[in-house]
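Chemist: Next up is a structure, given as structure tokens.
The values are calculated or read from the model by the stated rules, or taken from the named source; none is laboratory data. Quick caveat: nothing in here was measured; it's all calculated off a predicted structure. Here Cβ is always computed from backbone atoms with ideal geometry, including for glycine, and neighbour counts include all displayed protein chains.
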Amino acid sequence: MISEKKSLNYVLICTLIAIMVITGCSKNNESPAGSGTSESTGESSGEQPATYVLGDQPLEFSFYGHYDWYTMPNWGEDLATKWIKENKKVNVLPVSSGGNAKQKLSTMIVSDELPDVIWMERGADVEKLRSEGMLVPFDDYLNKYPNLKKWAGESTLNMLRSPDGKLYQFPNWYTSQPNGNAGYLVNKKIYEELGSPSLETTDDFYAYLQQVKAKYPDVVPFEVGQGAEGVDILSSAYAENRPYLFSAQSMMAVPVGNELTSVFKDPSFRESLQFANKLYREKLISQDAFTQKLEQVEQKIVTGQIAVYAASSPTEFGAKGNSALKAQDPNAGYIMVWPIHKAGLDKTKIFPGDFKQLGWNVNVITKNAKDPEAIFAFLDWFTGPEGQRTIMWGPEGLYWEGTDAEEAPLFTDKFTSDIEGRDALMNSTVNFQWNGNTVYVDKSKSKFESTLPPEKRSWETFWQSEITWKTQFNATEYVNLEPAGDSDEGIISQGVTEIYEKARAQAVIGAKSEDEVLSILDQAEKDAQKLGYDQLLKFKTEKWQENVSKLKQ
């Protein structure tokens, strides 16, 4: 009897061990619960990790654009997002800033009601959210969803990584090739009526503006735009490899060797303001440059009331103005000229604008999201060829049909015959372009444009390929130099910015002579140094050198 009990116990023990082994193996092979996703790496079994398949099941998430001006249109009401909603089962719920983005974000952080996705500027606000553990890193998703890694590249992704080495930011309009529109727009009819004179050097430019003033008293010789942005563009004319970014309010630091130095002491900036002051005193530039609204600038350009217009993106109004003026007179319209330069400089090294590999802004996914991997899968699809074709030019079958070997859309005849409808569609999706793929979009446009006769080509794309893309400086190493607003350097930056804005305006419209321009800038330098400008420049230099190191990796 005892022998039988021992045998029975032995069998029971073996059975229990077998059950435990089977159960343990089963648990090890299980995937976490979720919307078709898995965090299993498959390393021990050789299996590939499961991926979220967009469109297999509904995906809904909230989206907040962290800008005072941004209001997201209703998702699904235009042709492109309607197609995405119906075919990919994605619905996006807007969260409005209410016109006060800073307060809105603070309120959401305090109340722990962050949206699933935030669209925002790179820099201090992102790092604040990240350091407080509110963001989801993307590293585990990069190989599972290949578009971002393929199109942005390791160099760009490394630049976006946070101090902990992880990636939390999904870039918008990132690029690996030059892009941008900064430069000089010229009224074609006025230019030709004045004999199409040389417009290469600053001396040529000054002489031309004088001719315009003499013959066309009702025309603004040099329109510098809202906030006198054209004055900033002029600083690029006085040194090689020197985009206006260096002396713009967004940077206010000029590289000399391995250090960032004071903008107020920069020879190019000082000389450009002297020139701008001279133009202002002689009424050759907009007299209301620092007070006019953007709508006023647009109206002058569309109606042909300017001779030259310089801005960071003059092509937008230029395209509208070119179309409007040509409708009245086939010989009218706008052209662009190679960037103006000081005599003696190499014109091929003059860069009025800049581009950055990282593009414009970024998307971050917060830990409030129920399924962050699914959202990343959507963003990755959105930045890929199919997503970009859809959000840029609508769903297949209207303005494009099929693709070529490089996945570029094959545009239909309707793309060029129904310009009004096409532009209306494209305008309806502008505020949904959160993670634009610059290289894919630009190459697709350029490839198509090259097949068209000159009279049917896009005015904007033509000048981009002829001039603006060739004259933009790669400023990737100068991103993310701004300190956090509540840091010592951030407080200094705010004070220096106020000094800068006041001095710049005074130098252009207040100074009675070129010598007085220099006096104003010298005083601004003294005032800035009292606030700790050197400390700010040291901070920016360290950030710059960190960027340089990352780009070499």
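Chemist: Considering only strands (runs of 3 or more DSSP E) fully contained in the range 362-460, which possess at least 2 residues that are within 30 Å of ASN143 (Cα to Cα) and under 24 Å from the mean Cα position of the chain (by Cα)?
Modeler: Numbers: elements: 362-365, 400-403, 409-411.
Passing ranges, in order: 362-365.
Chemist: Tell me which residues, restricted to the range 337-356, are surrounded by 22 or more Cβ atoms within 10 Å (Cβ to Cβ) and of a type in the set (A, V, I, L, M).
Modeler: The answer is ILE340, ILE350.
Chemist: Among the residues of the range 310-319, are any under 26 Å from the mean Cα position of the chain (by Cα), surrounded by fewer than 22 Cβ atoms within 10 Å (Cβ to Cβ) and assigned to a strand (DSSP E or B)?
Modeler: no
Chemist: So, one more: Just checking, does the range 524-537 include any residue being charged (D, E, K, R) and over 20 Å from PRO267 (Cα atoms)?
Modeler: yes
Chemist: Separate question: Which ranges mark the helices (runs of 4 or more DSSP H) fully within the range 115-206 that have 3 or more residues being within 17 Å of the chain's Cα centre (by Cα)?
Modeler: In the range 115-206, 124-131, 147-160 are the helices (runs of 4 or more DSSP H) which contain 3 or more residues that are within 17 Å of the chain's Cα centre (by Cα).
Chemist: Which of the residues that make up the range 176-222 are within 23 Å of THR461 (Cα to Cα) and in contact with an Asp or Glu (Cβ under 8 Å, 6 or more places away or on another chain)?
Modeler: GLN177, ASN179, GLY180, ASN181, ALA182, LYS189
Chemist: Which of the residues that make up the range 239-283 are surrounded by fewer than 24 Cβ atoms within 10 Å (Cβ to Cβ), assigned to a helix (DSSP H, G or I) and hydroxyl-bearing (Ser, Thr, Tyr)?
Modeler: SER268, TYR280
Chemist: Considering only the range 403-412, I want to know if a residue exists there that is touching a strand residue (DSSP E or B) at 6+ places or on another chain (Cβ under 7 Å) and charged (D, E, K, R).
Modeler: Yes, there is a match, as at least one residue in the range 403-412 is touching a strand residue (DSSP E or B) at 6+ places or on another chain (Cβ under 7 Å) and charged (D, E, K, R).
Chemist: Right, another one. Name the one entry in GLU489, GLU542, GLU525 that is under 27 Å from the mean Cα position of the chain (by Cα), in a helix (DSSP H, G or I) and surrounded by 14 or more Cβ atoms within 10 Å (Cβ to Cβ).
Modeler: GLU489
Chemist: The conditions are (1) in a helix (DSSP H, G or I); (2) surrounded by fewer than 17 Cβ atoms within 10 Å (Cβ to Cβ), and SER465 fails exactly one of them. Which is it?
Modeler: Looking at each condition in turn, SER465 falls short on (2).
Chemist: Among the residues of the range 251-268, which ones are without any contact (Cβ under 8 Å) to a residue 40 or more places away in the chain and not β-branched (Val, Ile, Thr)?
Modeler: GLY257, ASP266, PRO267, SER268
Chemist: Given the residues ALA484, ALA503, ALA507, which is the only one that is among the small types (Gly, Ala, Ser), assigned to a loop (DSSP other than H, G, I, E, B) and out of contact with any Ser or Thr (no Cβ under 7 Å at 6 or more places or on another chain)? So that I can check it myself, show each step before the final result.
Modeler: On the way: ALA503 fails: assigned to a loop (DSSP other than H, G, I, E, B); ALA507 fails: assigned to a loop (DSSP other than H, G, I, E, B).
Going through ALA484, ALA503, ALA507 in turn, the sole match is ALA484.
Chemist: Considering every residue within the range 137-149, establish whether at least one is out of contact with any Leu (no Cβ under 9 Å at 6 or more places or on another chain), assigned by TED's automatic domain parsing to the domain that holds ASP442 and either hydroxyl-bearing (Ser, Thr, Tyr) or without any contact (Cβ under 8 Å) to a residue 40 or more places away in the chain (or both).
Modeler: Yes, the conditions are met somewhere in the range 137-149.
Chemist: So SER235 passes all but one of these: (1) under 30 Å from ASN431 (Cα atoms); (2) surrounded by 24 or more Cβ atoms within 10 Å (Cβ to Cβ). Which condition number does it fail?
Modeler: Going through (1) under 30 Å from ASN431 (Cα atoms); (2) surrounded by 24 or more Cβ atoms within 10 Å (Cβ to Cβ) one by one, SER235 breaks only (1).
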